[in-house]
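Asks: One structure, pasted below without further comment.
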Amino acid sequence: QVQLVESGGGLVQPGESLALSCAAPEYIFRRYTMGWYRQYPGSSRELVASIAISGDTFYADSVKGRFTLSRDDAENTMYVKMTNLKPEDTAVYYCYARVTASNTHWGQGIQVTVSS
């Protein structure tokens, strides 16, 4: 599989903001739905947000109004801007591209920690 490359994680205090990025090969970026999952320790990955080629977006209720996806076509990079972060946002975040219904390409995972 083609591996997506994530960057931008880190430690922030509650209420602060953070942005993550996900770089993809052009043939992936231009043709498939992409987005972010997150995973808590001992749990399975949960869908956070997605953006289709059409621009249609989906946000989980837990992040709606706080997280925003965007695509930069020139850079083949997807971003999520996370605002008003909460301790429950602490997780490993994985970028993904849905190549087929049974074939998902993943980023390496990046830690976001929200703590005072």
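The values are calculated or read from the model by the stated rules, or taken from the named source; none is laboratory data. Because the structure is predicted, anything quoted here is derived from the model rather than measured. Don't worry about glycine lacking a Cβ; one is built from the backbone with ideal geometry, like all the others, and counts go over all protein chains shown. Please note that ligands, DNA and RNA were not included when accessible areas were found on the heavy atoms of the full protein model with its side chains. Shrake-Rupley method; radii C 1.70, N 1.55, O 1.52, S 1.80 Å.
Asks: Taking the conditions exactly as written (aromatic (Phe, Trp, Tyr), touching a strand residue (DSSP E or B) at 6+ places or on another chain (Cβ under 9 Å) and open to solvent by 10 Å² or more (accessible area, probe 1.4 Å)), does TYR27 satisfy them or not?
Replies: no
Asks: Follow-up. Which of the strands (runs of 3 or more DSSP E) found entirely inside segment 1-89 contain at least 3 residues meeting this: more than 12 Å from the chain's Cα centre (by Cα)?
Replies: Answer list for segment 1-89: 10-12.
Asks: Another question about this same structure. Please go through segment 28-49 and give me each residue that is in contact (Cβ under 8 Å) with a residue 24 or more places away in the chain and of a type in the set (Gly, Ala, Ser), ordered by number.
Replies: Those that are in contact (Cβ under 8 Å) with a residue 24 or more places away in the chain and of a type in the set (Gly, Ala, Ser): GLY35, ALA49.
Asks: Quick one: in segment 90-104, of everything that is part of a strand (DSSP E or B) and without any contact (Cβ under 8 Å) to a residue 24 or more places away in the chain, which residue is least open to solvent (accessible area, probe 1.4 Å)?
Replies: Step by step, filter segment 90-104, then rank; the result is THR104.
Asks: With the requirement that a residue be within 15 Å of LEU47 (Cα to Cα) and open to solvent by 30 Å² or more (accessible area, probe 1.4 Å), what does segment 80-89 give you?
Replies: Hit for segment 80-89 is GLU88, nothing else.
Asks: Given the conditions (1) within 12 Å of the chain's Cα centre (by Cα); (2) within 14 Å of LEU4 (Cβ to Cβ); (3) open to solvent by 40 Å² or more (accessible area, probe 1.4 Å), which single one is not true for ILE110?
Replies: Going through (1) within 12 Å of the chain's Cα centre (by Cα); (2) within 14 Å of LEU4 (Cβ to Cβ); (3) open to solvent by 40 Å² or more (accessible area, probe 1.4 Å) one by one, ILE110 breaks only (3).
Asks: Could you check, for segment 52-60, whether at least one of its residues is touching a residue at least 24 places away in the same chain (Cβ under 8 Å) and open to solvent by less than 50 Å² (accessible area, probe 1.4 Å)?
Replies: No: segment 52-60 contains no residue that is touching a residue at least 24 places away in the same chain (Cβ under 8 Å) and open to solvent by less than 50 Å² (accessible area, probe 1.4 Å).
Asks: Which one is nearest to ASN84 (Cα to Cα) among residues in segment 25-43 that are at pLDDT 95 or above and small (Gly, Ala, Ser)?
Replies: Among them, the one singled out is GLY35.
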